[in-house]
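Participant: Here it is: the structure, laid out below.
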Amino acid sequence: MVTANAEASERIKTDIEIVHATGDTAAKTVTVWVKNIGATTIKDITASDIFLDTPSSLSRLSYTSGCVSDCWDYALEGGAADWSKTETVKITLTLSTLSTGVYSVRVSVFNGVSADKDFSI
């Protein structure tokens with residue numbers, strides 16, 4: 001019961017917002033800026049799930065440091081040391097193909113808290 005209460009408390013204190021998402025068809029990349037608007041530091045960014053809904057498919061992309069194709073990597077903006085309250089993470093999705101159209105991205109952190117953003121390329 002104590003563990004369940006601790007997990008519920010952590011989830012309540014966790015919140016994120018996708019500030020902006022954009023794509024570059026030439027580079028085959030989608031860039032997503034996500035702000036931590038919760039009260040807790042998000043410790044394991046790499047445990048996040050990234051879903052990209054394209055005009056032709058829905059994909060879950062895996063984290064890969066130095067991502068080359070069909071995966072994602074991240075950088076903390078502004079020299080931040082961790083993803084604490086008010087800090088923004090820049091997530092770069094590198095894809096094998098990317099065309100113009102309407103897209104939706106979902107970022108879901110380690111405890112299931114998620115945010116969605118629709119955007120056009």
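The values are calculated or read from the model by the stated rules, or taken from the named source; none is laboratory data. Given the structure is predicted, the values throughout are model-derived calculations rather than measurements. Here Cβ is always computed from backbone atoms with ideal geometry, including for glycine, and neighbour counts include all displayed protein chains.
Participant: For residue 30, work out the one condition from (1) closer than 16 Å to residue 120 by Cβ; (2) within 10 Å of the chain's Cα centre (by Cα); (3) among the hydrophobic types (A, V, I, L, M, F, W, C) it doesn't fulfil.
Facilitator: All conditions are met except number (2).
Participant: Would you say residue 99 is surrounded by 17 or more Cβ atoms within 10 Å (Cβ to Cβ), of a type in the set (S, T, N, Q) and out of contact with any Lys or Arg (no Cβ under 8 Å at 6 or more places or on another chain)? Explain how you work it out, then say what you get.
Facilitator: Values: surrounded by 17 or more Cβ atoms within 10 Å (Cβ to Cβ): no; of a type in the set (S, T, N, Q): yes; out of contact with any Lys or Arg (no Cβ under 8 Å at 6 or more places or on another chain): yes.
So residue 99 fails the test.
Participant: For the stretch 74-96: of the residues being surrounded by fewer than 17 Cβ atoms within 10 Å (Cβ to Cβ) and among the acidic types (Asp, Glu), which is nearest to residue 47 (Cα to Cα)?
Facilitator: Only one residue tops the list, namely 82.
Participant: Being at pLDDT 95 or above and polar (S, T, N, Q) narrows it down to one of 62, 9, 56, so name that one.
Facilitator: Numbers: 9 fails: at pLDDT 95 or above; 56 fails: at pLDDT 95 or above.
Every option except 62 fails the conditions.
Participant: How many residues does the stretch 84-102 hold that are closer than 15 Å to residue 19 by Cα and among the hydrophobic types (A, V, I, L, M, F, W, C)? First the steps, then the outcome.
Facilitator: Going residue by residue through the stretch 84-102, those that are closer than 15 Å to residue 19 by Cα are 85-92.
Filter once more, keeping what is among the hydrophobic types (A, V, I, L, M, F, W, C): 89, 91.
So the answer is 2.
Participant: Residues that are in contact (Cβ under 8 Å) with a residue 12 or more places away in the chain and of a type in the set (S, T, N, Q): find the strands (runs of 3 or more DSSP E) completely inside the stretch 17-121 holding 2 or more of those. Walk me through how you get there before you give the answer.
Facilitator: Numbers: elements: 29-36, 49-53, 58-63, 71-76, 88-94, 102-108, 114-120.
Those strands (runs of 3 or more DSSP E) span 29-36, 88-94, 102-108, 114-120.
Participant: Do we find a residue being at pLDDT 95 or above, surrounded by 11 or more Cβ atoms within 10 Å (Cβ to Cβ) and on the phi > 0 side of the Ramachandran plot anywhere in the stretch 16-23? Full working, then the answer.
Facilitator: Initial filter on the stretch 16-23 (at pLDDT 95 or above): 16-23.
Still in the running and surrounded by 11 or more Cβ atoms within 10 Å (Cβ to Cβ): 16-23.
Those still in the list that are on the phi > 0 side of the Ramachandran plot too: none.
No, the stretch 16-23 contains no residue that is at pLDDT 95 or above, surrounded by 11 or more Cβ atoms within 10 Å (Cβ to Cβ) and on the phi > 0 side of the Ramachandran plot.
Participant: Taking residue 38 as the residue in question, decide whether it is surrounded by 14 or more Cβ atoms within 10 Å (Cβ to Cβ), at pLDDT below 95 and within 21 Å of residue 15 (Cβ to Cβ).
Facilitator: Values: surrounded by 14 or more Cβ atoms within 10 Å (Cβ to Cβ): yes; at pLDDT below 95: yes; within 21 Å of residue 15 (Cβ to Cβ): yes.
Yes; evaluated as a whole, the condition is true for this residue.
Participant: A further question on this structure: Can you name the residue in the stretch 24-35 that is in contact with a strand residue (DSSP E or B) (Cβ under 9 Å, 6 or more places away or on another chain) and either at pLDDT below 95 or of a type in the set (Ser, Thr, Tyr) (or both) and, of all such residues, is farthest from residue 74 (Cα to Cα)?
Facilitator: Going through the stretch 24-35, the residues in contact with a strand residue (DSSP E or B) (Cβ under 9 Å, 6 or more places away or on another chain) turn out to be 24, 27-35.
Filter again for either at pLDDT below 95 or of a type in the set (Ser, Thr, Tyr) (or both), leaving 29, 31.
Numbers: 29: 12, 31: 9 Å.
This residue is 29.
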